[in-house]
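Scroll down for the structure; my scribbles are underneath it.
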């Protein structure tokens, strides 16, 4: 049985990334797979690829997408409240994730879910280091160690490196899932991901 | 029972429009609904909205999308061969559709399927008036009447008017499906469309 890990690239400010985050581990587990989570910064990805946010400057598409985030969440049975500030810079949350991952993978995963839900359910300002620290403390993380880590050159370099890796393998948006070299972009590719895992490719 | 018609907006050069075209009538019919097809010109839509083709200038996204067209077609059990010329202008095919629709709705639907399959299966150049006429003649259309219609001010005006209507209701890409005022963009929204029809909204 193929048990190569699946890679899940996302930005903590991405609504469809949030929807994917609530499902991908369970779908992978059904087929004996684990998922490696990689928070990255869409601002860097967009700048490097020449891409833009999907609805950038297109008012009818922007209006549609706000409705689609919400409807897609209902369709997938995932709680969702439109954030009042959107999008937000997410480097603090991403650095915290990588630092925690170095200490305790399971705790890092718990933290990632908590950040996404803080943003897309509780309407918290996850760009703020204070909010990131608060979320981490609530799941048992030592506040001052994380506070130091958020500004450490190592964590800054790690996040930069993850963004560079994302670009190197062709990530252009969020969520971007890679299974054995096959890329799937968007939360709406979840049925194809499941079919791919079930059939070993199609 | 609600039997309001569903509106299906698309461009004959749109791969995801083609995928939707192969499924939407059957899905609608399961719930007692009919579909009104509206071929439009994405060039006009993009220009008016400030939108762009999804992978415009973004090489990693362009590469991904070519693979995704093909994989999505396999996933949906729809024949697909990547066209060698892509995208193509589709005003001749669209004008022919509207003219035929004025004569015989069922024949117009048959013609639309034939155009899409000519492009996405048989790799024909559907921008050419000759090819459009040939496709129409094969399903029994009178060649010289259609040839005249393709250049008629009435059909030019009709297509322009359909594009203006599309813009007025917020169409920004293809395929765009509207059910009782609710918009669904992309072939990947078909599961949501089906759930919407089954449940009367969610």
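Label sites at residue B:167 and residue B:180, each approximated as a point 7 angstrom past Cα along Cα to Cβ, lie 3.1 nm apart. For segment B:6-199, DSSP calls about 60 percent of its internal beta bridges antiparallel.
DSSP beta bridges confined to the protein assembly as shown are antiparallel in about 60 percent of cases. Measuring between their Cα centroids, segment A:13-34 and segment B:51-72 lie 23 Å from each other.
Site pair residue A:26 and residue B:148 shows an inter-label distance of 6.3 nm when each label is modelled 7 Å from Cα along Cα→Cβ.
From the Kirkwood radius over Cα pairs of segment A:6-199, Stokes-Einstein at 25 °C and 0.890 mPa s returns a whole-number translational diffusion coefficient of 144 µm²/s.
Label separation (residue B:121 vs residue B:134): 1.7 nm, computed from points 7 Å beyond Cα along the C-beta direction. Copy-to-copy label distances for residue B:147, where each label lies 7 Å from Cα along Cα-to-Cβ, are 8.3 nm in order of increasing length.
Computed on segment A:22-124, with alpha-carbon pairs under 8 angstrom and 6+ residues apart, the relative contact order is 25 percent. Each residue in B:121, B:141, A:177, A:132 was given a count of other beta-carbon atoms within 10 angstrom of its own, and listing them fewest first yields B:121, B:141, A:177, A:132. Sorted ascending by nearby beta carbons within 10 Å, beginning with the fewest, A:76, B:65 become A:76, B:65.
With the Cα gyration tensor of the protein assembly as shown giving a ≥ b ≥ c as the square roots of its eigenvalues, does the rule (a/c under 1.5 for rounded; else a/b larger than b/c for prolate; else oblate) give rounded, prolate or oblate?
prolate
Going by Cα centres, segment A:144-176 and segment B:74-90 are how many Å apart? Value for the Cα centre distance between the two parts: 37 Å. Per residue of peptide A:165-176, the mean number of Cβ atoms on other chains within 10 Å of the residue Cβ is 2. For segment A:96-175, what does the alpha-carbon gyration tensor say about shape, rounded, prolate or oblate, given a ≥ b ≥ c as the root eigenvalues, a/c under 1.5 as rounded, and a/b over b/c as prolate? Taking the square roots of the gyration eigenvalues as a ≥ b ≥ c, segment A:96-175 is oblate.
Nearest chain B C-beta to the B/A rotation axis, reported as residue and distance in angstrom, is B:188, 2. Of the residues A:123, B:25, the one with the fewest other Cβ atoms within 10 Å heads the list, and the complete ranking is A:123, B:25. Each Cα pair under 8 Å and six or more residues apart adds its sequence gap; the mean of these over the residue count of chain B is a relative contact order of 32 percent. Residue separation of residue B:103 and residue B:157 scaled by 0.36 nm, minus their Cα-Cα distance, works out to 17.7 nm of gained length. Using the Cβ-Cβ distance between residue A:34 and residue B:36 with R0 = 41 Å, the FRET efficiency computed as 1/(1 + (r/R0)^6) comes to roughly 0.30. Distances from residue A:57 to itself in the other copies, using label points 7 Å out along the Cα-Cβ axis, amount to 0.8 nm in increasing order. If you sort the three axes of the alpha carbon gyration tensor as a ≥ b ≥ c, you get a/c of 1.5 or more for segment A:40-112 and a/b no higher than b/c, which makes it oblate. Each other copy holds its own label point for residue A:26; taking that point as 7 Å from Cα along Cα to Cβ, the gaps run 2.9 nm, nearest first.
Values in this text are rule-based calculations from the coordinates and carry no lab data. Small disclaimer: the values here were computed from a predicted structure and weren't measured. In this analysis, Cβ positions are derived from the backbone assuming ideal geometry, glycine residues included, and neighbour counts consider all displayed protein chains.
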